[in-house]
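For reference, the structure is listed below as structure tokens.
The values are calculated or read from the model by the stated rules, or taken from the named source; none is laboratory data. On a predicted model such as this, the values are computed, not experimentally measured, just so you know. Backbone-built Cβ (ideal geometry, glycine too); neighbour counts: all protein chains shown. We work out accessible area using only protein heavy atoms, side chains counted, and drop any ligands, DNA or RNA first. Shrake-Rupley method; radii C 1.70, N 1.55, O 1.52, S 1.80 Å.
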Amino acid sequence: MSEGRARRRPASFFPSVMRVALAALSILAAAPAAAEELAERVAPCLACHGATGQSETPEVPSLGAQTAPYALIQLYLFREKQRVFDIMNEAAKGLSDDDLRSVSDFIAKLPAPRPPEDGADDARLERGRALVQRNHCNVCHRADLSGQENVPRIAAQREDYLVKTLRDYKSRARSGYDASMAEVLQPVADNEIPDLAYVIARWPGAK
Amino acid sequence: MKASCRSFVLAGTVGLLLSAGPVAAQQSPASPAPAAKTDAPGAMVNPNATINSVLKDAPQNPAAQKLAPVAPPPIPTAADKLPVTKLQAPKDFKIEVFASGMANARSLRIGDKGTVFVGSRLVDKVYAITDRNGKREAKPLVTGLYRPNGLAYHKGTLYIAELSQISKIDDVENHLNDSPKPQVIYSDLPKDEPHGWKFLTVGPDERLYFNIGAPCNICMPPETNAQLRSIKLDGSDPQVVARGIRQVVGMDWSPVTKQLYFTENQRDWLSEDIPQDKLNRLLHPGKDNFGFPYCHQGDIPDPEFGWGHSCDEFTKPVALLGPHSAPLGMRFYTGHMFPAEYRNQIFIARHGSWNKTKKIGGDIVVATLNKDGTVKSVKPFITGFIANNNYLGRPADLEFMKDGSMLISDDFNGAVYRVTYAPSRSSPQVSEKR
């Protein structure tokens, strides 16, 4: 099987569970029937992202109280494959502009995620707080890291997702909608990223 | 719920192994960029670059914390929701929607047959607006591009400047429907994201001119950056045209002197009211240095990099265009529709500020020139893109149609407007009496 053929991913190569999952996603792409509740349509999203706005799935972000403009931008990028991640590209495929708007508005109304209630490591928090200050995360993302407009809420985001995202921005594996994060991450050393993610995941309590 | 997600993610992982494709690239930072894009978003970083964050010098201050770059929505505004009735123009000028539905519409160029080409920065498209038997149609001409902000049209060929390469489509107006693949002519360019998007223009010497921005808000840029560069139309013979330039998103050639004029966006976070963005004129090609990072707006030494330098070492701007106002596209008016007083003057689209509490810009201004090419005055022409300190739209570029009317792109709403002039009989323009 050549790589080119593999990229086309013929359905027969999919494990059956993948087909089931994709079928669930196709609910999203279906024409919106008037009676269909938005909550039903986003159920497949919430299976991974968490029904209460809080994700309990590794490397899958919490969506609760995310800013609607940021959510809309990401859904658009997934639909257009400008941000490449197969599951999300499939999920957003065929969604209309109005669908993208309704889903982002829905996401924005979910409750904000809560920081983990573990015994926080004070030394790491201290290092993390200094990094937040030095790199001015609290400027665009606001002092409580709740975000604004196109700048996302990052407070109490999953730590593993933050680590992955920061590394992807720094390496430019994720280019972002505009250039801001690629630029912001340049002065951040790779070994600083875990502490940065640690404190942001525990914000604002850790502030 | 949790169980179904685990199996779902697992399934996704198996799918990934089979596809061995783009997602794997995203998960492994060292891998090349997704195949959908024509260019890796900066796989190579100049190791010598002194890159600082856009937020360098941002104060820890509650008012400053409210400021962030404004990103337009990725979905264009519906034609009937465009703010065209909120815009104000001088008497007897009319503004209407020319075309809509083009997310992030930026640079404008017009072909010999009247096709309007529209670049973008945040989406992957160059659009073409065509007019067939009175029916206007806007649709993507090329997709899968990476920050295709710069466009130039010359003798049938469309040139496209992406973040780190320049390509062309020959005989473009005869290939509007068969998805032409641009042919790369030049790619010896840095891949920096900050100020990596380009403006493109063809000079009277039939060379392509473009900017390579500073890869930062304020920093000591590498040799390859903070400059204007030119190449021949086939991509050969690169030459540095000017240095010390932070970022340019608009250039045009004087129809009188053939000199190059360009807008330049100055640094952020120095203060609410300084420095002002600039209108520059290239006087000595290959020699001029416009001061970045040592000197801003022609007379303010940088608090960090300015030590040991004087602003007098650098070429001065011909006009100051307001702090953080973000002047982008600019064109000389050579048409005949507008009153004579506008002929050979410069129209400039001010995109509008983000690094300022009370927004300014969000308008089209006109710079009136003296005979020696210096600027006599800068006055508002079209206003109203800002209301209650919010953007209703943001003008990014402008271009003139053959009939002398003006097109304005609005990258916030994904639309293009047209400005026409028709003097009312009761009040002939003063300029026409002269």
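With the checklist (1) within 18 Å of the chain's Cα centre (by Cα); (2) open to solvent by less than 50 Å² (accessible area, probe 1.4 Å); (3) facing chain B (nearest Cβ under 9 Å) in hand, flag the one item A:Glu149 doesn't pass.
So A:Glu149 meets the others, but not (2).
Could you check segment A:154-171 and list, in sequence order, the residues that are open to solvent by 10 Å² or more (accessible area, probe 1.4 Å) and either in a loop (DSSP other than H, G, I, E, B) or basic (Lys, Arg) (or both)?
A:Ile154, A:Gln157, A:Arg158, A:Lys164, A:Arg167, A:Lys170
With the requirement that a residue be open to solvent by 30 Å² or more (accessible area, probe 1.4 Å) and facing another protein chain (nearest Cβ under 7 Å), what does segment A:181-207 give you?
Matches in segment A:181-207: A:Gln186, A:Pro187.
Does any residue in segment B:47-76 that is under 22 Å from A:Phe78 (Cβ atoms) come within less than 9 Å, Cβ to Cβ, of a residue that is surrounded by 20 or more Cβ atoms within 10 Å (Cβ to Cβ) and at pLDDT below 70 six or more places away or on a different chain, and which pairs are these?
Within 9 Å, the pairs are B:Pro69/B:Val54.
Being of a type in the set (Gly, Ala, Ser), in contact with a strand residue (DSSP E or B) (Cβ under 7 Å, 6 or more places away or on another chain) and at pLDDT 90 or above narrows it down to one residue among B:Ala152, B:Ala68; which is it?
B:Ala152
Just wondering, is there one or more residues in segment A:122-135 that are touching a residue at least 24 places away in the same chain (Cβ under 8 Å) and among the acidic types (Asp, Glu)?
The answer is no, given that none of the residues of segment A:122-135 is touching a residue at least 24 places away in the same chain (Cβ under 8 Å) and among the acidic types (Asp, Glu).
Do we have B:Thr374 as among the hydroxyl-bearing types (Ser, Thr, Tyr), touching a helix residue (DSSP H, G or I) at 6+ places or on another chain (Cβ under 9 Å), surrounded by fewer than 15 Cβ atoms within 10 Å (Cβ to Cβ) and farther than 15 Å from B:Ala105 by Cβ here?
No.
Name the one entry in A:Asp160, A:Asp168 that is modelled with pLDDT of 95 or more and under 26 Å from A:Gln82 (Cβ atoms).
Selected residue: A:Asp160, the only one of A:Asp160, A:Asp168 that is modelled with pLDDT of 95 or more and under 26 Å from A:Gln82 (Cβ atoms).
Let me confirm something: among A:Asp144, A:Asp98, A:Asp105, which residue is over 16 Å from A:Ser62 (Cα atoms), open to solvent by 60 Å² or more (accessible area, probe 1.4 Å) and not in a loop (DSSP other than H, G, I, E, B)?
A:Asp98
If I filter segment B:231-259 down to residues being part of a strand (DSSP E or B) and of a type in the set (A, V, I, L, M), which single residue comes out as nearest to B:Ser377 (Cα to Cα)?
If we take residues in segment B:231-259 being part of a strand (DSSP E or B) and of a type in the set (A, V, I, L, M), then B:Met251 is nearest to B:Ser377 (Cα to Cα).
Does segment B:337-356 contain at least one residue that is open to solvent by 30 Å² or more (accessible area, probe 1.4 Å) and free of Cβ contacts under 8 Å to residues at least 12 places away in the same chain?
Yes, segment B:337-356 has at least one match.
Of all the strands (runs of 3 or more DSSP E) wholly in segment B:128-213, which have at least 3 residues that are among the basic types (Lys, Arg)?
B:135-142
Evaluate the following for A:Leu75: is it free of Cβ contacts under 8 Å to residues at least 40 places away in the same chain and assigned to a helix (DSSP H, G or I)?
yes
Checking the structure you have, find out if any residue of segment B:384-397 is touching a strand residue (DSSP E or B) at 6+ places or on another chain (Cβ under 6 Å) and open to solvent by 20 Å² or more (accessible area, probe 1.4 Å).
no
Filter segment B:325-346 down to the residues that are in a strand (DSSP E or B) and of a type in the set (Lys, Arg) and list them by number.
If the condition is that a residue be in a strand (DSSP E or B) and of a type in the set (Lys, Arg), then B:Arg331 is the only one that fits.
Which residue is farthest from the other protein chains (Cβ to nearest Cβ), if the candidates are limited to segment A:38-59 and must be surrounded by 17 or more Cβ atoms within 10 Å (Cβ to Cβ) and closer than 22 Å to A:Gly94 by Cβ?
Here the residue is A:Arg41.
Scan segment B:87-104 for residues that are touching a Leu at 6+ places or on another chain (Cβ under 7 Å) and either over 15 Å from B:Phe412 (Cα atoms) or buried (at least 20 other Cβ atoms within 10 Å of the Cβ) (or both) and report the count.
Matching residues across segment B:87-104 total 4.
Here's the yes/no breakdown for (1) hydroxyl-bearing (Ser, Thr, Tyr); (2) within 11 Å of chain B (Cβ to nearest Cβ); (3) touching a Cys at 6+ places or on another chain (Cβ under 9 Å):
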site	(1), (2), (3)
A:Ala65	no, no, no
A:Tyr70	yes, yes, no
A:Glu80	no, yes, no
A:Phe85	no, yes, no
A:Met88	no, yes, no
A:Gly94	no, no, no
A:Val103	no, no, yes
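Considering (1) in a helix (DSSP H, G or I); (2) open to solvent by less than 20 Å² (accessible area, probe 1.4 Å); (3) out of contact with any Cys (no Cβ under 9 Å at 6 or more places or on another chain), say which one A:Pro113 fails and leave the rest.
(1)
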